[in-house]
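Only one structure is covered here, and it is reproduced in the block below.
Nothing in this text is a laboratory measurement; each read-out follows from the coordinates by a stated rule. These numbers were taken from a predicted model, which means no experiment stands behind them. Cβ coordinates were reconstructed from backbone atoms using ideal geometry, including for glycine residues, and neighbour counts include every protein chain displayed.
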């Protein structure tokens with residue numbers, strides 16, 4: 001539900017000699033994986049946009065309970081923060097606004113809930129590059145994706161597709177396939193099962209590697225309260241988590257140069 005719980009769980013699993021993976025399934029989606037491969041062709045990055053929306057409807061159950069881990073930022077935003085960090089690294093600061101977008105219409109009975117259902121965050125990177133993350137659980141249609149704007153053009157991606165264009169909009173490269181979601185989860189589970197069977201010291205989506213996204217979620221909630229930019233790096237430092245800690249299980253080929 002928050003960063004201290006996540007850090008404690010990672011430490012507990014380490015002491016027990018067990019492996020821990022986070023369900024960050026977008027890292028296993030073909031469109032986003034291809035986008036990561038094409039990213040270097042954009043040159044210097046200026047702007048990125050990441051979004052995720054759907055309408056959960058009135059049956060919120062635990063989703064409407066902040067204490068149970070409900071909320072647009074922690075449920076949807078976590079995955080979008082993880083996607084942005086996987087592609088671009090940990091932001092210096094972020095500024096966020098979270099609130100309630102679902103309002104009862106005339107004669108409409110909606111449940112009472114205390115969790116956020118709509119949020120936006122602006123992530124600042126070195127060199128004044130910025131990323132926006134927009135999430136909501138109360139507006140249709142179901143949609144998610146990212147768009148990156150670089151010196152050489154744009155890169156747009158979703159779960160199953162990716163398109164690279166030059167600055168004039170001409171397609172330079174593209175990828176697309178109709179892959180069922182079950183195949184994505186199968187690939188994610190197989191990856192972790194293989195790491196456990198082989199006792200691999202490094203593997204994708206370890207619990208430690210999930211901590212930067214969790215720090216971004218906590219920083220976003222804090223920013224919504226303070227009205228000021230907050231630092232995910234400072235949140236990690238509060239719990240003595242360094243970059244060496246959260247990247248210690250990251251596969252060598254995925255480490256930054």
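Among the residues of the range 11-30, those identified as part of a helix (DSSP H, G or I) and over 17 Å from residue 78 (Cα atoms) are 11, 12, 13, 14, 15, 30. Scanning the range 31-88 for residues that are without any contact (Cβ under 8 Å) to a residue 60 or more places away in the chain, exposed (fewer than 15 other Cβ atoms within 10 Å of the Cβ) and outside any helix (DSSP H, G or I) yields 57, 58, 59, 65.
Residue pairs whose Cβ atoms lie under 6 Å apart, sitting 6 or more positions apart in sequence or on different chains, and linking a residue in the range 177-193 that is more than 24 Å from residue 19 (Cα to Cα) to a partner that is outside any helix (DSSP H, G or I), are 177/160; 179/160.
Look at the range 146-171: where a residue is at positive phi and in contact (Cβ under 8 Å) with a residue 40 or more places away in the chain and a partner is in a loop (DSSP other than H, G, I, E, B) and surrounded by fewer than 20 Cβ atoms within 10 Å (Cβ to Cβ), sitting 6+ places away or on another chain with Cβ atoms under 9 Å, you get 153/43; 153/167; 153/168; 153/169; 153/170. Scanning the range 198-245 for residues being within 19 Å of residue 10 (Cα to Cα) and within 15 Å of the chain's Cα centre (by Cα) gives a total of 16.
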